[in-house]
Amino acid sequence: MTRILLTGANGQLGYEVIQQARALALDIVALDRSTLDITDRKAAAEIVQNSAPDLIINAAAYTAVDRAETDRQAAFAVNRDGARNLAEVAERRGAVLIHFSTDYVFDGAKPQPYVEEDTVGPLGVYGESKEAGEAAVRTVSERHLILRTSWVYGVHGANFVRTMLRLAREKDEIRVVTDQTGCPTYAADLAEIALQLSVQVLKGDFPKDGYGTFHCAGQGQVSWHGFASKIFELVGERLCKQPELIGIPASEFPTLANRPANSALDCSKLSRVHGLSARDWPVALSDMLDRLYLNA
């Protein structure tokens, strides 16, 4: 049986990959940081040699956007060097690498959604480290899939949706940015697409132009304020009280790292080449909230 090796198993995306891979009866070896530090080149080589995967899904990443501004070395160690380590061992093994990247490789100045061919220009250390990781993967691995995504949320781990629900319990008033837009992406949808691509690869049913960089995010775009508004609309009476949402410009919510004003990604290439796309973001959000409250 063909085998998949997953890194970053404890993250919100890794969690969903594991759940869905098991439901599909795929042979998956799931590793978190305690079992594989991807910045350790030797350890990565040994793990791949011992587990002998046919495909590697790298869901491990340094994602603390603001902390990266003062922790540059750690961000680059994971997002650039770790990605390179996995690309190297995948290439030696003859395995395909699926690697996740981010909308933060762009500067956000473009008024339309970004396509894969647009010039990158990260605004902060996190985006720089992820862009360097993309470059490393492209340089080292011939058979790779880089999936750029944005605004990921899920039932597991820390994310915007769960933060909004927590703040709703604690506060009567929540201030949310109105002038930054993006494509909310449900981790379960992202995991499903990654596994669909994995199955195509492992079956040998893969188009010649199927490798490379693809945008993969929820369909449609919205501001952080609009995202929060939809969360509370869908949650409805499940909350004991509805907070008042106050829209503010990003200038009134200072952060260490600058965020792109426009994080929207055009995902038509993924649909055109592979026939895959994530759902409309409000539909996926509704499913996530139903699942979250069902398991509460």
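Find the residue count for region 139-167, including only residues that are charged (D, E, K, R), under 29 Å from Ala95 (Cα atoms) and under 18 Å from the mean Cα position of the chain (by Cα).
Result for region 139-167: 1.
Here's a check for you: in region 253-270, which residue that is more than 18 Å from Met164 (Cβ to Cβ) and exposed (fewer than 15 other Cβ atoms within 10 Å of the Cβ) is farthest from the chain's Cα centre (by Cα)?
Checking each candidate, the answer is Pro254.
What single numbered condition from (1) closer than 26 Å to Val161 by Cα; (2) at pLDDT below 95 fails to hold for Gln200?
Condition (1) is where Gln200 drops out.
Could you check, for region 102-125, whether at least one of its residues is under 29 Å from Asp32 (Cα atoms) and among the charged types (D, E, K, R)?
Within region 102-125 (the criterion being under 29 Å from Asp32 (Cα atoms) and among the charged types (D, E, K, R)), the answer is yes, since at least one residue qualifies.
Is region 275-291 home to any residue that is acidic (Asp, Glu), in a strand (DSSP E or B) and either in contact (Cβ under 8 Å) with a residue 60 or more places away in the chain or within 30 Å of Gln200 (Cα to Cα) (or both)?
Yes, region 275-291 contains a residue that is acidic (Asp, Glu), in a strand (DSSP E or B) and either in contact (Cβ under 8 Å) with a residue 60 or more places away in the chain or within 30 Å of Gln200 (Cα to Cα) (or both).
Suppose the filter is touching a helix residue (DSSP H, G or I) at 6+ places or on another chain (Cβ under 6 Å), in contact (Cβ under 8 Å) with a residue 40 or more places away in the chain, more than 18 Å from Ala188 (Cα to Cα) and aromatic (Phe, Trp, Tyr); does Phe76 pass it?
yes
Looking for whichever is small (Gly, Ala, Ser) and either touching a residue at least 60 places away in the same chain (Cβ under 8 Å) or over 15 Å from Gly133 (Cα atoms) (or both) here; the options are Ala59, Ala21. Which one fits? Walk me through how you get there before you give the answer.
Details: Ala59 fails: either touching a residue at least 60 places away in the same chain (Cβ under 8 Å) or over 15 Å from Gly133 (Cα atoms) (or both).
After ruling out the rest, the residue left standing is Ala21.
Out of region 91-122, which residues are assigned to a helix (DSSP H, G or I) and either under 16 Å from the mean Cα position of the chain (by Cα) or under 15 Å from Leu147 (Cβ atoms) (or both)?
Listed by number, the residues that qualify are Asp103, Tyr104, Val105.
The values are calculated or read from the model by the stated rules, or taken from the named source; none is laboratory data. The structure displayed is predicted, hence computed values, not measured ones. Virtual Cβ from ideal backbone geometry, glycine too; neighbours counted across all protein chains shown.
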